[in-house]
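Novice: Dumping the structure here so I can ask a few things about it.
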Amino acid sequence: MPRLPLAREAILTRGIRCPNDRRNKPCASPATRDRSVVDFMKLGDLYTRAIETGVAHDPRGKDAVAKELERTRKEFDALSPGDREFFDPETLKNPYPDSRILHGSLDHDVESILVGIDIDVAEILLAHTLRSSGTRIDAILSHHPSGRALADLFSVMKMQSDILNLYGVPINIAEDLMDARIKEIERKLMPINHARAVDAARLLDIPFICLHTPADNMVATYLQRLFDREKPYTLADVVDVLRAIPEYKAAGLNGAGPKIMLGAKTRKAGKVFVDMTGGTEGAREIFESLTAGGVSTIVAMHLSEEHRKEAEKHHLNVVIAGHISSDNLGLNLLLDEVLREQPVEIRECSGFRRFRRNEKRA
Ligand SMILES: [Fe+2]
Ligand SMILES: [Fe+2]
């Protein structure tokens, strides 16, 4: 699929047609649209659709997500008035605490978005500079979380227990090992100054949103279904399946393509588990249970040295698909769904490259 330096998203409007087109076709480009008659996507719609799409592609399944939301509601109901003041009410409807509107109003029109894998103060200043020079940017979208969404990143890791359970790890073992790891990540997040980028967006008044787990759900589910269908015979076949995907091909051409970290090209792939969602790396002690559950090969975005050693100890094959390339794939799949039929332009920054799969809308 061709990569466009500035990808123009679907150009249909919500029932409002281009007044200059006698065939009653949608307006062709943002430049030729009459802004007074076009009903643009709102920031709140973008956010809500992204969360709904993330739930629809959650590896745990929609019912499991609904049960977790119900559990959160019960926890909220049991809180004292004093504790309720500090409870984030968004968690009652959004199961992903690492995905939030960080600055901006729900009814803000979104016609052009600056999208990046990591958005920090530098990218916010970049957006401000582009705006100052006449480039339209209505909002900034980051994949990796910032602000409150970063502070709460550890909370989303609970979902990993349910996913591991689907791959043969008893839920008691998965929860026990993950609980310790979640507390470790919480401690690591505590000293971080997570407000920097959000403060910059607030001072420059640029709407700012981050979508983390919904995008990671997209890539995890997409790749798991692909491997389940293709059934790669060897690890070389696993790499070939990945290389056929535009995001991984582009990464490969840029020196960051898929690599076999543990195992060898001729090793049999066996049962493949795509480990790509749920906040960040889980508990390394889980590899023993995954092997016992029948998993032979893990496909991951990245793996720390400590995790690699533990996986090696339990004879697991590990293929590293690539971090930024996998995040690109997840975000692209999410945007394909969320921006369907919406007149929104994407501007790429911070490692993001837009590849669209719904070519018929081009
Ligand atoms: Fe990610
Ligand atoms: Fe990431």
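Novice: Sticking with the crude label model, points 7 Å out along Cα→Cβ, report the distance from ALA122 to ALA292 in nm, one decimal please.
Specialist: 4.5
Novice: From the P(r) of the stretch 300-359, could you give the percentage of C-alpha pairs in the tail past 17 Å?
Specialist: Percent of Cα pairs beyond 17 Å in the stretch 300-359: 53.
Novice: Taking a cut-off of 18 Å, what percent of all Cα-Cα pairs in the stretch 60-137 are separated by more than that?
Specialist: 61
Novice: Hey, another quick one. Put a dot 7 Å past each Cα toward the Cβ at ARG131 and ASP228; how far apart are the dots in nm?
Specialist: 4.3
Novice: Ranking PHE87, PHE227 by Cβ neighbours within 10 Å, fewest first, what do you get?
Specialist: Fewest to most other Cβ atoms nearby, the residues stand as PHE87, PHE227.
Novice: While we're on this one: Under a cut-off of 21 Å between alpha-carbon atoms, report the lysines in cross-link reach of LYS271, not counting same-chain residues fewer than 8 places apart.
Specialist: Qualifying lysines at Cα under 21 Å: LYS231, LYS259, LYS309, LYS313.
Novice: Nearest 0.05, what FRET efficiency do ALA236 and ILE171 give at R0 = 30 Å with Cβ-Cβ as r?
Specialist: The computed FRET efficiency comes out at 0.30.
Novice: On to the next question. Given the Cα atoms of the stretch 218-323, and with Rh set as the inverse mean 1/r over their pairs in the Kirkwood sense, what is Rg to Rh to two decimals?
Specialist: 0.93
Novice: What does the highest-first list of 212-222, 58-68 look like by mean Cβ count within 10 Å?
Specialist: Going from most to least packed, we get 212-222, 58-68.
Novice: Taking amide hydrogens as modeled 1.01 Å from N in the peptide plane, which residues meet the under 5 Å criterion relative to MET41, leaving out close sequence neighbours?
Specialist: VAL110
Novice: ALA139's amide H: which non-local residues (gap 5+, or another chain) put their own amide H closer than 5 Å, with H modeled 1.01 Å from N in plane and none for Pro or chain starts?
Specialist: Close amide H contacts, sequence-distant or interchain: SER112, LEU114.
Novice: Give, to the nearest whole percent, the P(r) tail of the chain beyond 34 angstrom, counting all Cα pairs.
Specialist: Counting pairs separated by more than 34 Å, the tail of P(r) holds 29 percent.
Novice: So, one more: Can you list the lysines whose alpha carbon sits under 23 Å from that of LYS62, skipping same-chain ones fewer than 8 residues off?
Specialist: Reachable lysines: LYS74, LYS93, LYS158.
Where a number appears in this text, it was derived from the coordinates with a stated rule and is not lab data. Not measured: the values here are computed from a predicted model. Because the Cβ atoms are built from the backbone with ideal geometry, glycine has one as well, and the counts that use them run over all protein chains shown.
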